[in-house]
1. Pick from Gly42, Gly55, Gly16: which residue has the top mean-square fluctuation in a GNM of the chain where Cα pairs under 10 Å get a spring?
2. For region 54-123, with only Lys/Arg (+1) and Asp/Glu (-1) charged at the beta-carbon, what is the dipole magnitude about the Cα centre, in debye rounded to 20?
3. Once the whole set of protein chains is in place, how much accessible area is left on Lys43, using a 1.4 Å probe, in Å² to the nearest 10?
4. Counting only residues 5 or more places away or on other chains, whose amide H sits under 5 Å from the amide H of Asp52 once H atoms are built in the peptide plane?
5. Keeping all protein chains in place, calculate the accessible area per residue for the chain (probe 1.4 angstrom), answer in Å².
6. Note down the Stokes-Einstein diffusion coefficient of the chain in µm²/s, whole number, using a Kirkwood radius over alpha carbon pairs, 25 °C, and 0.890 mPa s.
7. Return the long-range amide H neighbours of Thr78 (sequence gap of 5 or more, or a different chain), with a cut-off of under 5 Å between placed amide H atoms.
8. Could you give the size of the charge dipole of the chain about its Cα centre, using +1 on the Cβ of each K and R and -1 on the Cβ of each D and E, expressed in debye and rounded to the nearest 20?
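The values are calculated or read from the model by the stated rules, or taken from the named source; none is laboratory data. Predicted, not measured: the structure shown is a model, and the values here were computed from it. Quick reminder, even Gly has a Cβ in these numbers, built from the backbone with ideal geometry, and neighbours come from all protein chains shown. Areas reflect the complete protein model, heavy atoms only, side chains present, ligands, DNA and RNA absent. Shrake-Rupley method; radii C 1.70, N 1.55, O 1.52, S 1.80 Å.
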Amino acid sequence: QVHVVESGGGLVQAGGSLRLSCVSSEWIFNNYAVAWFRQAPGKEREVVARIDLSGRATDYADAVKGRFTISRDSRKRTVFLQMNSLKPEDTAIYYCAARYRASSVDAHEYGSWGQGTQVTVSS
């Protein structure tokens, strides 16, 4: 497992942007695929975006396609989630999760989680 820490959440108006960061102090982080999940009050945790080891393969939930972009900087051991055109329904706690070698859409398959960062979008 690897230790990861999220940052970048906050309060923003609808239509605004935020960039979340998921950083690790461990170089082995570059051997982990990474996903961003989110969980809104009363709802199950859902996958938002995923990225592979190389950073070339990405995948998005239908609800965020065209608005969110996931990327990674291996030199900085960081994965980003750029969120544009935010909507009130994007309000949730966003979690970074890492899985060795390959990602998954199933949250139960991830052993490394950050503490979460709150994103609130006002209408």
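1. Gly42
2. That gives region 54-123 a dipole magnitude of about 440 debye.
3. 140 Å²
4. When sequence neighbours closer than 5 places are left aside, the close amide H contacts are Ala57.
5. It amounts to 52 Å² per residue over the chain.
6. 174 µm²/s
7. Result for Thr78 returns Asp73.
8. Roughly 340 debye for the chain.
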